[in-house]
Amino acid sequence: MQFIIDNWYLIFIALVSGGLLFLPMLRNAGGGISPQQAVQLMNREKAVVIDVCEPGEFAAGHVNGAKNVPLAQLQERLPTVVKNKSAPIVLVCASGMRARGAAAIARKLGYENAQVLAGGLKAWREAGLPIAKEKA
């Protein structure tokens with residue numbers, strides 16, 4: 001007991017550092033689907049891939065077959081791009097952050113099957129999946 005009293009700060013540091021190790025897992029909880037899961041949705045359920053990056057980013061590289069609807073225009077344009085609200089949608093951006101906001105907008109519009117590609121286009125590339133580019 002005396003050890004705990006004398007070294008309370010060490011125990012505190014150990015607990016805080018241990019808690020910080022779990023922080024990434026908590027952030028990724030509900031953080032989206034993996035690139036492999038996205039491919040399965042695209043192949044099996046004909047999921048529509050919506051890239052919410054700006055047009056310049058989209059032209060530099062995107063998931064093959066993705067439709068570009070910048071995040072700022074999503075609320076107005078999504079209903080015209082994806083008419084079937086029960087269709088699965090995979091939302092993609094460079095890192096996954098904008099896509100999370102896009103998923104919230106899509107769900108608000110009635111798209112209950114809106115999914116986020118966890119890690120975004122970066123994770124897609126790291127998985128070795130093909131990237132399409134616009135011709136200059």
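The values are calculated or read from the model by the stated rules, or taken from the named source; none is laboratory data. These numbers come from a predicted model, not from an experiment. Quick reminder, even Gly has a Cβ in these numbers, built from the backbone with ideal geometry, and neighbours come from all protein chains shown.
Before moving on, here are some points about what is shown:
- Matching entry among K46, K108, K85 (being surrounded by fewer than 16 Cβ atoms within 10 Å (Cβ to Cβ), over 20 Å from G128 (Cα atoms) and touching a Gly at 6+ places or on another chain (Cβ under 9 Å)): K85
- Yes/no for A72 being among the small types (G, A, S) and touching a residue at least 24 places away in the same chain (Cβ under 8 Å): no
- Within segment 1-13, residues that are modelled with pLDDT under 85 reach no partner that is outside any helix (DSSP H, G or I) with beta carbons closer than 7 Å at six or more positions or on different chains.
- Of all residues in segment 89-111, those that are of a type in the set (V, I, T) have Cβ atoms under 7 Å from Cβ atoms of residues that are surrounded by fewer than 15 Cβ atoms within 10 Å (Cβ to Cβ), 6 or more apart or on another chain, in I105/Q75.
- Qualifying positions in segment 105-136 - in contact with a strand residue (DSSP E or B) (Cβ under 9 Å, 6 or more places away or on another chain), farther than 14 Å from V52 by Cβ and of a type in the set (A, V, I, L, M): A118, A123, L129, I131, A132
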